[in-house]
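These notes are about the structure you will find just below.
What follows draws every value from the coordinates through simple rules; no lab data is involved. In this text, all values refer to a predicted model and were calculated from it rather than measured experimentally. Here the Cβ positions follow ideal geometry from the backbone for every residue, glycine too, while neighbour counts run over all protein chains shown.
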Amino acid sequence: MFERILLAIDGSDHALRAATLAGNLARSEKSVSLHMLTVFESVPNYLGEKEQQTLIAAHMKESERVIAEGLARIGVLGAKVETEILSGSPAETIIEVAKDRKADVVVMGSRGLGRIAGVLLGSQSQKVATHAPCPVLIVR
């Protein structure tokens, strides 16, 4: 049923639990592919070139750490595992990747931000669940 799984991960506890569940789901469904995605907010243009590059490098280093931790949580799969790091609006980027990859399900954590930031900015998981082209499995 879920041949192509998209796992959106940000390094939070909820996202790491989502990675474990996505790995278990891929094994039980005998999925063909699991695509792990992490998205960091775009770096503002008003920063100078040097500051932009420094911030992008820091985001990439953190994103690579998040991907490595997610891969460890997924475990060994018979499915093809791909990873991707993108910048932009997290919810919008996840939705676009789900469409482009023709995902059968998106798996993500219920909360990546702190309580106050989540209330002020709106829940990324709620946005994805509302607009994704496929079912969304939100993990607490």
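Under a straight-distance cross-link criterion of Cα-Cα below 19 Å, which lysines are reachable from Lys99, leaving out those fewer than 8 residues away in the same chain?
Those lysines meeting the cut-off are Lys80, Lys127.
Which one of Met60, Asn45, Val107 is farthest out on the positive end of the charge dipole of the chain, using unit charges on Cβ (Lys, Arg +1; Asp, Glu -1) and the Cα centre as origin?
Of the candidates, Val107 comes out farthest on the positive side.
By how many degrees, 0 to 90 and rounded to 10, does the Cα axis of helix 13-29 deviate from the longest principal axis of the chain?
For 13-29 against the chain, the angle is about 30 degrees.
Out of Ile67, Ile95, Ile85, any idea which swings most in a Gaussian network model of the chain, alpha carbons joined below 10 Å?
Ile85
Quote the Stokes-Einstein diffusion coefficient, in whole µm² s⁻¹, for region 1-76, based on the Kirkwood radius over alpha carbon pairs, a temperature of 20 °C and a viscosity of 1.002 mPa s.
Answer, rounded: 158 µm²/s.
Could you grab the relative contact order for the chain? Cα pairs under 8 Å, six or more apart, rounded to a whole percent.
Details: 270 pairs, mean separation 50.1, N = 140.
Relative contact order here is 36 percent.
Placing +1 at every Lys and Arg Cβ and -1 at every Asp and Glu Cβ, with all other atoms neutral, what dipole size does region 26-138 have around its Cα centre, in debye to the nearest 20?
On the way: 13 positive and 13 negative charges, 83 e Å.
In debye, rounded to 20, region 26-138 gives about 400.
Could you check what % of the DSSP bridge pairs in the chain are antiparallel, to the nearest 5?
Among the beta bridges of the chain, antiparallel pairing accounts for roughly 0 percent.
Could you compute how fast the chain diffuses translationally, taking Rh as the Kirkwood radius over C-alpha pairs and applying Stokes-Einstein at 37 °C with viscosity 0.692 mPa s? Give it in µm² per second.
216
Where does each of 104-110, 1-7 land if you order them by average Cβ count within 10 Å, highest first?
The densest-packed peptide leads the list: 104-110, 1-7.
If I model a spin label as a point 7 Å beyond the Cα along the Cα-Cβ vector, how far apart are those points for Gln53 and Ser87 in nm?
Between Gln53 and Ser87, the simple spin-label model gives 1.3 nm.
In degrees, nearest 10, range 0 to 90: what is the angle between the Cα axis of helix 49-74 and the longest Cα principal axis of the chain?
Between helix and principal axis, roughly 20 degrees.
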